[in-house]
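Data first, discussion second: the structure below is written as structure tokens.
The values are calculated or read from the model by the stated rules, or taken from the named source; none is laboratory data. Treat the numbers as computed from the prediction; the structure is a model and nothing was measured. All Cβ positions, glycine included, derive from the backbone under ideal geometry; neighbour counts span all protein chains shown. Surface areas here come from the heavy atoms of the whole protein model, side chains and all, with no ligands, DNA or RNA. Shrake-Rupley method; radii C 1.70, N 1.55, O 1.52, S 1.80 Å.
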Amino acid sequence: MSERDLALTERVTAALAHGETLVARHQAGPGNLKPGPRFWQRPRVFPGQRMPGDRLANLGLGLLRVVGAPLNVLEAIMERLMWNDEPRKGAVSGGWESEAGRLALAMRPRSRTGVSLNLVVTNSHYRLAYVQTAQIGSRVGSATECGWAADLSRISWVRDRSDIRGGMHEIGFPDGSWMTLTLAAPGWSGFVKALPAPKLGHRDPLPAGR
């Protein structure tokens, strides 16, 4: 385990609720959500928190937005024409208010500092934990927040979609909703095994009624 991974694990462990024990932790990507949630729907994390290099990184991102403004305007117009306030199928099945939708929103935080998305399995819950990281470099900050959470019984199934991309999985919930997420390599297989839910292969159909 790298020094960065050790630091992330320490931060996440310290942020867990009293009585919870860490079973597994893995970094994840937000997946493909286009059109994505509106700005105000996304959770705000680490307000006022900064790490060295964040101001320079935010300035660079701002300049990129200015340069890409014409394309962004065109994309916004196209999204508005097709907008129906629902996540696109293939990334999330179910609206933003569904169990999968709430997790999808949590995986799109808005922040002025770097944020590491950590999917966590404990002895009682499945969680998404935010850990502050530098936007330039690999440093791990001290700020940590626990976001979305669900009892382990609320995970109905997990389907491996490495036929599309390594580390890609679909995760289903009792309300029939599901979402696609990507687990960073390496080590994603061990994390998936830690989930106490039926494991499906990409050729397996989704459970009936899902």
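Scanning the range 185-210 for residues that are assigned to a strand (DSSP E or B) and crowded, with 18+ Cβ neighbours inside 10 Å returns a single hit, 200.
Listed by first and then second residue, the pairs linking a residue in the range 116-129 that is farther than 10 Å from residue 26 by Cβ and of a type in the set (Lys, Arg) to a residue that is in a strand (DSSP E or B) and open to solvent by less than 10 Å² (accessible area, probe 1.4 Å), with Cβ atoms under 6 Å apart and 6 or more places separating them unless they lie on different chains, are 127/120. Apart from one condition, residue 126 fits all of (1) more than 21 Å from residue 109 (Cα to Cα); (2) touching a helix residue (DSSP H, G or I) at 6+ places or on another chain (Cβ under 8 Å); (3) open to solvent by less than 30 Å² (accessible area, probe 1.4 Å); the exception is (1).
Quick one: would you say residue 128 is more than 14 Å from the chain's Cα centre (by Cα) and of a type in the set (A, V, I, L, M, F, W, C)? Taking the combined requirement at face value, the residue does not satisfy it. Could you grab me the full set of residues in the range 168-184 that are farther than 13 Å from residue 195 by Cβ, open to solvent by less than 10 Å² (accessible area, probe 1.4 Å) and of a type in the set (Gly, Ala, Ser)? Result: 177, single match. Restricting attention to the range 140-177, the residues that are charged (D, E, K, R) and in a strand (DSSP E or B) add up to 5.
The set of residues in the range 10-31 that are of a type outside the set (A, V, I, L, M) and either surrounded by fewer than 19 Cβ atoms within 10 Å (Cβ to Cβ) or assigned to a loop (DSSP other than H, G, I, E, B) (or both) comprises 10, 13, 18, 19, 20, 21, 29, 30, 31.
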